[in-house]
């Protein structure tokens, strides 16, 4: 039995070829849109519907095996890095996304001034700016 199969079973999920393929694609890293994930899964399985990929991603996210991020103004993206409360930086020019680790030690972003009765267990912070390539293009255009 593979590590991915054991991982799925440990979360109470059935082992299916589409789930294994999506886990493999996400394991390659990055912050991928559904269309890109579906394209890469089809390279492995030949035939899988986009809806099936959405269904797999939903199941993996609910089980804590993938993370869905939704930068404002852009499509949802998925990644395999989960459980560490990291954040993201998004380029306003090209949409590139990179991971930003949370504060080491105490995580002040998990301690809001007011919780409105919620038990807070995660914070999602998105930093916005321009990546090095977009900054260079902007400087060249000036």
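The values are calculated or read from the model by the stated rules, or taken from the named source; none is laboratory data. The model shown is predicted, which means the values in this text are computed figures rather than measured ones. Counting neighbours? That spans all protein chains shown, and the Cβs are built from the backbone with ideal geometry, glycine included.
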Could you tell me which numbered condition residue 19 fails, if it satisfies all but one of (1) closer than 13 Å to residue 65 by Cβ; (2) part of a loop (DSSP other than H, G, I, E, B)?
(2)
Please state which of the following conditions residue 12 fails to meet, knowing it meets all the rest: (1) within 17 Å of the chain's Cα centre (by Cα); (2) at positive phi.
(1)
Quick one: residue 61 ticks every box in (1) surrounded by 13 or more Cβ atoms within 10 Å (Cβ to Cβ); (2) in contact with a helix residue (DSSP H, G or I) (Cβ under 8 Å, 6 or more places away or on another chain) bar one, so which box is it?
(2)
Exactly one of these conditions fails for residue 65: (1) touching a residue at least 24 places away in the same chain (Cβ under 8 Å); (2) closer than 17 Å to residue 4 by Cβ; (3) outside any loop (DSSP other than H, G, I, E, B). Give me its number.
(3)
Restricting to segment 29-45, give me the number of residues that are under 12 Å from the mean Cα position of the chain (by Cα) and at negative phi.
5
Which of the following residues is farther than 28 Å from residue 25 by Cα and surrounded by 11 or more Cβ atoms within 10 Å (Cβ to Cβ): 114, 89, 53, 120?
120
The residue that is modelled with the lowest pLDDT, considering only those in segment 123-142 that are assigned to a loop (DSSP other than H, G, I, E, B) and surrounded by 11 or more Cβ atoms within 10 Å (Cβ to Cβ), is 123
Give 89, 114 a once-over and let me know the one that is in a strand (DSSP E or B) and modelled with pLDDT under 95.
89
